[in-house]
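See structure below.
The values are calculated or read from the model by the stated rules, or taken from the named source; none is laboratory data. The structure presented is a predicted model; accordingly, all values stated were derived computationally and were not measured. A quick note on method: Cβ atoms are made from the backbone with ideal geometry, for glycine too, and the neighbour counts reach across all protein chains shown. With ligands, DNA and RNA removed, areas are computed over all heavy atoms of the protein, side chains included. Shrake-Rupley method; radii C 1.70, N 1.55, O 1.52, S 1.80 Å.
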Amino acid sequence: MLLIIGDSHKQHLSWLTQLDGGALYDCCNMAIACISSGRTTPRSYQGAAQKLGVGAEVVRSGIEALVELFLQSHKGALSDIDFTDSVAALGFGGDAAAALLAAFNKHQVELRRLLSELRLDVPHYADLEWRHDVTVASRMLRHQVEPTTLLRLQTAQRGERLPSITLQTDPVNLLHLTRSLEMALEEVKTPHCRRIMRHIK
Amino acid sequence: MELSSNIQEGLQVAGDFTFIPDSFFNIIVDFVCKSIVDLQDQTSFLEEAAAKGINVALVKQAYGSLLTLFLEAAKHDADASNLAGLLEDCKFPSDRIAKVTEIFVLHKPRIRSELSRTANCPPHIVDVAWRLDYCIKDNYLDKVNEPVYTIDLKTEKPGEPGLHNVQFSCTVEQLQDLVWKLKDATKCLEKIAQV
């Protein structure tokens with residue numbers, strides 16, 4: 001599967017096709033740094049512009065085009081062959097294509113981590129602690145024997161732990177909760193779910 | 001079980017037929033039980049007292065003292081004999097003692113049940129709802145292809161009406177971890193129950 005790239009995007013990438021492997025690799029690192037920090041660095045663009053003999057604005061648009069190229073490639077989960085073919089179609093020769101692929105593969109994990117922070121994330125389960133207690137008395141009632149289970153549910157969102165939630169339940173509801181969630185877990189192994197997961201790829 | 005001097009005075013008023021006639025005493029005791037069990041302020045009997053020419057202030061005092069007596073006796077899990085002893089000390093006649101202890105013993109489980117719910121505790125889980133989704137793609141990744149569970153724990157808090165939700169999502173592995181921990185807790189509970 002090849003990347004589909006718009007004309008203005010191709011234009012911004014065009015001057016990069018004339019660079020050698022080393023210079024192109026440096027530009028890739030600048031693009032990754034731009035993705036990681038979320039900011040552009042005009043000073044480094046000016047430095048690169050002087051070194052490469054082009055305008056700072058050209059460098060900036062080229063780096064941003066590389067950013068877009070990497071993000072689209074990661075989004076489409078391109079294989080090495082597909083990535084190489086896509087960049088070859090843009091005019092990147094053997095060494096240049098190899099440099100781009102090397103930079104892309106080196107930073108795949110980082111890209112995945114960054115994009116996962118941007119994705120839609122609801123609070124998800126992180127941990128559960130439990131404790132069994134017997135209530136023997138309270139201010140309002142003495143001579144009690146009430147078994148209770150205290151639960152501390154830890155959730156997280158975008159890599160950060162949220163304040164833990166303290167909950168309580170009794171033996172009957174604990175059993176009901178366990179059984180219901182066990183049934184939920186069984187559901188993913190059913191033929192219906194397996195069929196859907198097999199067909200949507 | 002100890003009662004303050006004010007309550008003991010009130011009980012003496014309640015037991016005295018010159019202040020509270022026999023016919024009206026039964027009405028007061030019935031209203032005491034209704035107040036606790038139905039959790040509603042029952043004051044219509046005061047109008048009835050006024051209509052019958054009974055001193056409303058004394059009726060209120062008797063009602064308040066009997067209410068306190070029932071709540072304290074239920075709180076301390078008192079039985080009929082404890083209650084009878086206390087009422088004798090407050091100079092209650094034997095027929096009224098019999099009436100009060102009979103009604104108390106009848107309503108004690110219900111009163112204790114209401115008292116146990118009047119406590120400060122964390123949200124109590126009463127039910128769970130779950131949903132299994134298969135995430136195909138999102139705007140950052142063309143292919144996600146992961147099953148995702150959304151779990152909704154329904155909780156009750158004493159003193160607050162209705163149910164509240166605690167919602168979170170989890171992957172299959174996270175749900176396996178959660179279920180494993182809950183099964184561990186239930187096994188431990190079963191062992192304790194067998195001891």
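For a modelled paramagnetic label at A:LEU2, 7 Å from Cα along Cα-to-Cβ, the residues of the stretch A:82-105 in reach, with backbone nitrogen under 16 Å, are A:82-94, A:97. Ordered from highest to lowest accessible area with the whole protein assembly present and a 1.4 Å probe, B:SER23, A:SER116 read as B:SER23, A:SER116. For the chain pair A and B, buried accessible area totals roughly 5000 Å², probe 1.4 Å, rounded to the nearest 100.
For the stretch B:76-150, the equivalent ellipsoid built from the Cα gyration tensor has semi-axes of 63, 11, 7 Å, listed from largest to smallest. Of the DSSP H helices in chain B, those with a Cα length along their own long axis of 27 Å or more and a mean Kyte-Doolittle hydropathy reaching -1.0 comprise B:56-75, B:94-117, B:172-194. With a/c under 1.5 counting as rounded, go ahead and sort the stretch A:103-201 into rounded, prolate or oblate using the C-alpha gyration tensor (a ≥ b ≥ c being the square roots of the eigenvalues; past the cut-off, prolate if a/b is larger than b/c, else oblate). Cα axes put the stretch A:103-201 in the oblate bin. Of the residues B:ASP184, A:ASP170, B:ASP95, ranked by 1.4 Å probe accessible area with the largest first, the sequence reads B:ASP95, B:ASP184, A:ASP170. Normalising the average separation of contacting C-alpha pairs (under 8 angstrom, six or more residues apart) by the number of residues puts the relative contact order of the stretch A:130-189 at 24 percent. Distance between the modelled labels on B:GLU2 and B:ASN165, one decimal in nanometres: 5.1 nm (7 Å Cα→Cβ projection). The mean count of C-beta atoms from other chains within 10 Å of the C-beta of residues in B:176-189, rounded to a whole number, is 6.
Considering only A:SER79, A:SER36, A:SER180, the Gaussian network model of chain A with Cα springs below 10 Å gives its largest mean-square fluctuation to A:SER180. If you take all other residues with their beta carbon under 15 Å from the beta carbon of B:ASN165, and give Lys and Arg +1 and Asp and Glu -1, the sum is -1. Classified by the C-alpha gyration tensor, the stretch B:1-66 has an oblate form. Its axis ratio a/c, with a ≥ b ≥ c, is 1.5 or above, and a/b does not exceed b/c. The residues neighbouring A:LEU13, those whose beta-carbon lies less than 14 Å from its own, together hold a net charge of -1 under the Lys/Arg +1, Asp/Glu -1 convention. Starting from the Cα gyration tensor of chain B, take the square roots of the eigenvalues, sort them a ≥ b ≥ c, and report rounded, prolate or oblate (rounded when a/c is under 1.5, otherwise prolate if a/b is larger than b/c, else oblate). Note, shape of chain B comes out prolate. Taking label points 7 Å from Cα along the Cα-to-Cβ direction, B:GLU88 and A:ARG142 give a separation of 2.1 nm.
For chain A, a Gaussian network of Cα nodes joined below 10 Å ranks A:GLN108, A:GLN18, A:GLN168 by mean-square fluctuation, and the top entry is A:GLN168. Angle of helix A:171-187 to the longest C-alpha principal axis of chain A, folded into 0 to 90 degrees and rounded to 10: 40°. One quarter of the surface of the convex hull around the alpha-carbon atoms of the stretch B:23-102 equals 5.3 nm², the direction-averaged projected area. Highest GNM mean-square fluctuation among A:ALA137, A:ALA31, A:ALA49, for chain A modelled with Cα contacts below 10 Å: A:ALA137.
Placing B:VAL59, B:VAL126, A:VAL172 in order of accessible area, with the largest value first and a 1.4 Å probe, yields A:VAL172, B:VAL126, B:VAL59.
Axis angle, to the nearest 10 degrees, between helix A:21-37 and the longest C-alpha principal axis of chain A: 30 degrees. B:LYS60 contributes an accessible area of around 120 Å² to the protein surface, as traced by a 1.4 Å probe with all chains present. In terms of distances greater than 32 angstrom between alpha carbons, the cross-link table entries B:LYS137/B:LYS157; A:LYS10/B:LYS143; B:LYS143/B:LYS187; A:LYS10/A:LYS106; B:LYS52/B:LYS157 yield B:LYS137/B:LYS157; B:LYS143/B:LYS187; B:LYS52/B:LYS157. Given contacts defined as C-alpha pairs under 8 Å and at least six residues apart, what's the relative contact order of chain A, whole-number percent? It rounds to 16 percent for chain A.
Stokes-Einstein diffusion of the protein assembly as shown at 37 °C, 0.692 mPa s viscosity, Kirkwood radius from Cα pairs, rounded to a whole number: 117 µm²/s. What is the angle, in °, between the Cα long axis of helix A:108-118 and the longest principal axis of the Cα atoms in chain A? Nearest 10 is fine, range 0 to 90. On a 0 to 90 degree scale, this one is about 60. All other residues whose Cβ lies under 10 angstrom from that of B:ILE125 are scored, Lys and Arg at +1 and Asp and Glu at -1, for a net of -2. A straight line joining the Cα centroids of the stretch A:142-178 and the stretch B:41-83 runs 40 Å. Over 27 Å apart at the Cα level, from the set A:LYS189/B:LYS191; B:LYS34/B:LYS99; B:LYS108/B:LYS191; B:LYS34/B:LYS60; B:LYS75/B:LYS191, are A:LYS189/B:LYS191; B:LYS108/B:LYS191; B:LYS75/B:LYS191.
Its DSSP H runs of at least 4 residues, each contributing -39,500 (n - 2.57), put the calculated 222 nm mean residue ellipticity of the protein assembly as shown at -18500 deg cm²/dmol, to the nearest 500. Quick check for you: which residues of the stretch A:56-92 have the amide N under 14 Å from the point 7 Å beyond the Cα of A:GLN108 toward its beta carbon? Under cut-off, by backbone N: A:73-84.
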